[in-house]
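Novice: The structure that follows is given in the form of C-alpha cells.
The values are calculated or read from the model by the stated rules, or taken from the named source; none is laboratory data. Note that this is a predicted model, so its numbers are computed, not measured. Reconstructed Cβ throughout: ideal geometry from the backbone, glycine too, with neighbour counts over all protein chains shown.
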Amino acid sequence: MSFKKAFTFTNIPAFQLHIEKHRQILEVILSASPPKLHPYIKDCVLNNHSLIVYVSSAAWASQLRFYSKQIKEAVNTSNKGKIRQIRIRVLPPLPYEREKKPHSNIPSQDNIELIRNSAKSMPNSKLKTALLHLSSTLQQKREL
C-alpha cells in the first residue's frame, strides 16, 4: 500500500477553510475568557450543536466552566447561533521525561594512571584490588 502525495488531493481548499474556521472559533473562545486562562486553553472542536474546549489541567477546566456562558454567547454571536452546549475536557498530561543524569566528572588519563600505578606498588590487599578495579572502570568510562 502506498501513500498518496499531498498535491493529489483536490479538496485542500476545503481543509484550509475548515482549519481557518476552527482557528477563528478558538480566537473567539480566547477573547471571551480571561487572559490568565489563555495559556491553558489548548484546542476546541465544534461538533453539531456542541462545542468542546480542551484545557491542560482539571484546575483550569474548573475555572473555565465559570465562563462557559460568556464563551457560548460569544461563539454564537460570531457563528450565527449554532452552539447549544459547551463541554470542557482535560487533555491527558504529556509523558513524563526523565531528567538527564548530571555529567559525571571523570579524572584525566594521568590521574587514572596514577591510581593504577599506586595500586600496583602496594602489597596484595583489598585496597589494591579496589584501586585496580576503580582505575579500570574509570578508563572504560573515559573511553565512552
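Novice: Output yes when any residue across the range 34-57 is out of contact with any strand residue (DSSP E or B) (no Cβ under 6 Å at 6 or more places or on another chain), aromatic (Phe, Trp, Tyr) and either closer than 21 Å to Gln85 by Cβ or without any contact (Cβ under 8 Å) to a residue 24 or more places away in the chain (or both), and no when none is.
Specialist: Checking the range 34-57: not a single residue is out of contact with any strand residue (DSSP E or B) (no Cβ under 6 Å at 6 or more places or on another chain), aromatic (Phe, Trp, Tyr) and either closer than 21 Å to Gln85 by Cβ or without any contact (Cβ under 8 Å) to a residue 24 or more places away in the chain (or both).
Novice: Confirm whether Ala61 is more than 14 Å from Val28 (Cα to Cα) and assigned to a helix (DSSP H, G or I).
Specialist: Spelling it out, Ala61 is indeed more than 14 Å from Val28 (Cα to Cα) and assigned to a helix (DSSP H, G or I).
Novice: Would you confirm whether or not the range 37-51 contains a residue that is in contact with an Asp or Glu (Cβ under 8 Å, 6 or more places away or on another chain) and surrounded by 13 or more Cβ atoms within 10 Å (Cβ to Cβ)?
Specialist: Taking every residue of the range 37-51 in turn, none turns out to be in contact with an Asp or Glu (Cβ under 8 Å, 6 or more places away or on another chain) and surrounded by 13 or more Cβ atoms within 10 Å (Cβ to Cβ).
Novice: Return the pairs, sorted by first residue and then second, in which the second residue is part of a helix (DSSP H, G or I) and surrounded by 10 or more Cβ atoms within 10 Å (Cβ to Cβ), the first residue lies in the range 1-29 and is not assigned by TED's automatic domain parsing to the domain that holds Ile41 and at pLDDT below 80, the beta carbons are less than 7 Å apart, and the residues are 6+ apart or on different chains.
Specialist: Final answer for the pair search is none.
Novice: Something else about it: Which of the numbered conditions does Ile88 fail, given that it passes all the others? Conditions: (1) in a loop (DSSP other than H, G, I, E, B); (2) at pLDDT 90 or above; (3) under 30 Å from Glu27 (Cβ atoms).
Specialist: Against the list (1) in a loop (DSSP other than H, G, I, E, B); (2) at pLDDT 90 or above; (3) under 30 Å from Glu27 (Cβ atoms), Ile88 comes up short only on (1).
Novice: In the range 53-76, is there at least one residue being in contact with a Cys (Cβ under 6 Å, 6 or more places away or on another chain) and farther than 30 Å from Gln140 by Cα?
Specialist: So far as the range 53-76 goes, yes, one or more of its residues are in contact with a Cys (Cβ under 6 Å, 6 or more places away or on another chain) and farther than 30 Å from Gln140 by Cα.
Novice: Right, another one. Evaluate the range 90-102: report whether one residue or more is in contact with a helix residue (DSSP H, G or I) (Cβ under 9 Å, 6 or more places away or on another chain) and either outside the structural domain of Arg23 (by TED's automatic domain parsing) or of a type in the set (A, V, I, L, M) (or both).
Specialist: Checking the range 90-102: at least one residue is in contact with a helix residue (DSSP H, G or I) (Cβ under 9 Å, 6 or more places away or on another chain) and either outside the structural domain of Arg23 (by TED's automatic domain parsing) or of a type in the set (A, V, I, L, M) (or both).
Novice: Any residue at all in the range 66-78 that's under 23 Å from Leu94 (Cβ atoms) and in a helix (DSSP H, G or I)?
Specialist: no
Novice: Look through the range 92-141, keep the residues that are within 40 Å of the chain's Cα centre (by Cα) and aliphatic (A, V, I, L, M), and return whichever of them is surrounded by the fewest Cβ atoms within 10 Å (Cβ to Cβ).
Specialist: Taking the candidates together, the pick is Leu94.
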